[in-house]
Amino acid sequence: MRFLGSIAAGLASAASRLPANQNVKWALSAALWNHFKRGPFTDILDIMKDTGFVGIRMTQFPQILTTYDMTIQQMEKEFSKRDLHVVTISFNGPAHDPAQQAKVLGDAKKAMEFLKVFGAKHLVVFSPARQKPGADVEAAFKTMCQTFNRIGEVAGEMGFQAGLHNHLDQMVEKPDEIHKCMAMTDPKLWRFSRIRPTCC
């Protein structure tokens, strides 16, 4: 329990410095807990409740369910018990690979079906890892953007919004890559979802 005490103290300190703006909802990334000795998922929720962070961005979905040995129904019950929320999922996949586009779309749909249980309406999508030297980067980038549009279509059909989150060492990392991606996608289908996570 020592690690829980230390992380709770740190989060409580952060929560005490949050702006007094009732229109702002503060959320954490589930990846934060990858840096500590693993405990029950309910410990994460208790710390969130105690420190004023009302939402969580789920990472490593769907593996996170196996990691904490929980079903979606059990997880939803524990969130509801504490009046906490799943805000989104950090979703990624080989969007640059034409042969895997169908799988990426299927996985995105499953992620949004999960989020729907919790009342969430946004899917945050990370781009694939940067291509190795010798790869056809332009072709990969074009396919990625086409896949992003398709994800956006599926999202719209499900009542969701989907958008890009740029990240270090990924195909969309730098400002020029962000602009290029947004120019190559349909703004009616695809958005920019810049989030400020506590951890990658």
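Could you sort THR71, THR88, THR42 by their accessible area in this structure, using a 1.4 Å probe and putting the largest first? Could you put the intermediate results ahead of the total?
On the way: THR71 60, THR88 5, THR42 40 Å².
Greatest to least solvent exposure: THR71, THR42, THR88.
Which FRET efficiency value, to the nearest 0.05, do you get for LYS116 and HIS167 by plugging their Cβ-Cβ distance into 1/(1 + (r/R0)^6) with R0 = 25 Å?
Numbers: r = 25 Å, r/R0 = 0.99.
That pair, LYS116 with HIS167, gives E of 0.50.
Would you kindly state how much longer the chain becomes between GLN63 and LYS180 on full extension, computed as 0.36 nm times their sequence separation minus their alpha carbon distance, in nm to one decimal?
Computed gain between GLN63 and LYS180 is 39.0 nm.
Stretched out fully, how many nm does the piece from ASP50 to GLU76 gain, at 0.36 nm a residue minus the Cα gap? Walk me through the numbers before you get to the answer.
Values: separation 26, 0.36 × 26 = 9.36 nm, distance 1.85 nm.
Full extension from ASP50 to GLU76 adds 7.5 nm.
Keeping all protein chains in place and using 1.4 angstrom, which order do ASP97, ASP69, ASP136 fall into by accessible surface area, from largest down?
Solvent-accessible surface, decreasing: ASP69, ASP136, ASP97.
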For LEU189, what accessible area in Å² do you get when you roll a 1.4 Å probe over the heavy atoms of the protein chains, rounding to the nearest 10? 40
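Order the following by accessible area, largest value first: PHE61, PHE41. Probe radius 1.4 Å; ligands, DNA and RNA are ignored. List each step's numbers first, then the result.
Working: PHE61 45, PHE41 5 Å².
Greatest to least solvent exposure: PHE61, PHE41.
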Förster radius 35 Å - calculated FRET efficiency between ASP83 and LYS188 (Cβ-Cβ, nearest 0.05): 0.55
GLU153 versus ALA102: modelled label distance in nm, points set 7 Å from Cα along the beta carbon direction: 1.5
Less than 12 Å from a label point 7 Å out along the Cα-to-Cβ axis of ARG38: which backbone N atoms in the stretch 63-82 qualify, by residue? 63-70
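Give the residue list of GluC sites (Glu not before Pro) in the stretch 132-174 that are DSSP loop and have at most 15 other beta-carbon atoms within 10 angstrom.
Working: sites: GLU138, GLU153, GLU157, GLU173; in loops: GLU173.
Answer in residue order: GLU173.
Per residue, how large is the accessible surface of the stretch 48-174? Use a 1.4 angstrom probe and give square angstrom.
Details: 6210 Å² over 127 residues.
Spelled out: the 1.4 Å probe surface of the stretch 48-174, per residue, equals 49 Å².
Quick one: work out the % antiparallel among DSSP beta bridges in the stretch 99-200, nearest 5.
Numbers: 1 of 9 bridges.
The antiparallel proportion sits near 10 percent.
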Quick one: grab the alpha carbon gyration tensor of the stretch 62-138, order the square roots of its eigenvalues as a ≥ b ≥ c, and give me rounded if a/c is under 1.5, else prolate or oblate depending on whether a/b is larger than b/c. prolate
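The values are calculated or read from the model by the stated rules, or taken from the named source; none is laboratory data. The structure displayed is predicted, hence computed values, not measured ones. Please note: Cβ atoms are built from the backbone with ideal geometry, for glycine as well, and neighbour counts cover all protein chains shown. Note: areas computed on protein heavy atoms with side chains; ligands, DNA, RNA excluded. Shrake-Rupley method; radii C 1.70, N 1.55, O 1.52, S 1.80 Å.
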